[in-house]
Amino acid sequence: MLAEIKGLNEECGIFGIWGHEEAATLTYYGLHSLQHRGQEGAGIVVGGNGTLQFHKGLGLVTEVFSRGELEKLTGMAAIGHVRYSTAGGGGYANVQPLLFRSQGGSLALAHNGNLVNADELRFRLEQQGSIFQTTSDTEVLAHLIKRSDEPILKERIKEALTHLRGAFAFLILTETEMYIALDPHGFRPLSLGRLGEAYVVASETCAFDVIGATYEREVEPGELIMINKQGVRSERFAPKVSRSICSMEYIYFARPDSNVDGINIHTARKNLGKQLAVEAPVAADVVTGVPDSSISVAIGYAEATGIPYELGLIKNRYVGRTFIQPSQALREQGVKMKLSPVRGVVAGKRVVMVDDSIVRGTTSKRIVRMLREAGATEVHVRISSPPITHPCFYGIDTSTKEELIAATHTVEEIRQLIEADSLAFLSQKGLLQAIGRPDDSPSCGQCLACFTGQYPTKIGGEYVGTFVQTSRCEY
Ligand code: SF4
């Protein structure tokens, strides 16, 4: 996976814990394991002892937090966030959790996802007198909560959530309570666990493993969970509809050791490779995967075809974070810094190069060239997703439609542009089969909008594409 130089980026990872005296330190470890979901900023807010304290900053979790900073964050509850900026842009002010202090009590917010009606809501709120302190879409929730007429906070949060449309996994911390909410379509993953008596919640289950917590269950789409000293309470703020979890989580965002919606990522990716082998076999000497996400896929492809898997590409893990800034110029430079071919593996060989996706095509072309320069006699590219033809509005930075090469080119045209000997993408049906979803109907459980243009929600007041599914609510 070279998402950060390819042009696909996850927006965030979130972690929360309630009821542990080492809440801040455990959140630090949790965020560290979610670092792949965002590298531009990190923050932790602690509470549960009558006050909220925070520390946040730009950079990696290890850069933002020193032991001294963590020791200052005392409290039995914490929420944390790692950020990759898309909606609202970068900058310190947008690093989360966002903390709001008012006479009625303080509140901290951490959000993974993207609200598709944030501009509309913000305009309305500003007309009503709200003044925003960030350019992040997340802040609208705080204003909606504050402006709600409901008498108690839980009801105000529930009411505020019903105004939001799009993808959101929210953690909210007050001086005395923690709230967890997932949007009615469940675009982003969110799991619940236990660590002794403490409750934990995270974007991915790998964060549970790192702190020794056990997985309990998924947060359900449309569910609001409240945790306080009295215990845990679950309610719905939206009716139950079929889930539309992001397919890209399985294809490359999530870590291989995570389970997303009960499905192990490494296993799902191996199955993607096996399915790709069925759909697009080729005569070759060696199979290699673009690290990290495509290694599991390449192993699956090799197993199914009998062609040996080899480590033909090496990722340089010690490139500084300047190379993960989301600008085109750095993406262009970044590919050479981040990836090297293994000459001894590919020289004189017909190579199958497995990757997770093609966004603009520039990265694929460079890797193909790199393999040829290292002596590969043929390079056959196999992609473990269908062609990305539409932008994402739900928190994944997929660039604009004009920048997506598959939106304007046929598979053969892309093959020529990336200079591959052959090119094949996984079919949509194959993707769902490999993940273990029963069918490719709109209620399959997956969001497929960047492959189909059929968005599960209205975008800016309209459905984009042809998708109108009456059984789904129109959040
Ligand atoms: S449009 Fe694509 S990237 Fe965005 S949530 Fe849906 S599947 Fe994920």
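Computed from the coordinates by the stated procedures, all read-outs in this text should not be read as laboratory data. Keep in mind that what you see is a predicted model, and the values were worked out from it rather than measured. Positions of Cβ are backbone-derived with ideal geometry, glycine not excepted, and every protein chain shown enters the neighbour counts.
Observations on the model:
- Fraction of beta bridges assigned by DSSP in the stretch 267-432 that are antiparallel (%, nearest 5): 15
- Taking other Cβ atoms within 10 Å as a rough exposure proxy, THR400, THR452 sort from fewest to most as THR400, THR452.
- Restriction of the trypsin sites (Lys or Arg not before Pro) in the stretch 224-286 to DSSP coil positions whose beta-carbon has at most 11 other beta-carbons within 10 angstrom yields LYS229.
- At q = 0.18 Å⁻¹ the log10 of I(q)/I(0) for the stretch 267-432 amounts to -1.17, computed by Debye summation with a single uniform scatterer per C-alpha, solvent ignored.
- Intensity falloff of the stretch 39-178 expressed as log10 I(q)/I(0), Debye formula with alpha-carbon point scatterers, at q = 0.13, 0.15, 0.19, 0.21 Å⁻¹: -0.55, -0.73, -1.15, -1.36
- For the stretch 231-243, 3J(HN,Hα) per residue [Karplus equation, 6.51 cos²θ - 1.76 cosθ + 1.60, θ = phi - 60°, Hz, x = Gly/Pro]: x, 10, 9, 10, 9, 9, 10, 8, x, 6, 10, 5, 6
- The stretch 92-170: trypsin sites (Lys or Arg not before Pro) falling in loop per DSSP and having at most 11 other Cβ within 10 Å: ARG101
- Percent of alpha-carbon pairs separated by more than 33 Å within the stretch 2-240: 9
- Applying a DSSP loop filter and a limit of 12 other Cβ atoms within 10 Å to the chymotrypsin sites (Phe, Trp or Tyr not before Pro) in the stretch 390-441 leaves nothing.
- Partner lysines whose Cα lies under 19 Å from the Cα of LYS270, excluding those fewer than 8 positions away in the same chain, are identified as LYS429.
- For the chain, the convex hull spanned by the alpha carbon atoms encloses 134 Å³ per residue.
- Whole-Hz couplings from phi, Karplus 6.51/-1.76/1.60, listed for the stretch 35-52; x for Gly and Pro: 4, 4, 8, x, 10, 8, x, 8, x, 9, 10, 10, x, x, 10, x, 9, 10
- Along the stretch 426-435 the Karplus relation, 6.51 cos²θ - 1.76 cosθ + 1.60 evaluated at θ = phi - 60°, assigns HN-Hα couplings of 6, 6, 5, 4, x, 4, 5, 4, 5, 6 Hz to successive residues, with x for each Gly and Pro.
- Sequence-distant lysines (8 or more away, or on other chains) whose Cα lies within less than 23 Å of LYS365: LYS6, LYS315, LYS336, LYS338, LYS349, LYS401
- Extent of the stretch 156-205 along its three principal axes (Cα atoms, max minus min coordinate, largest first): 36, 26, 10 Å.
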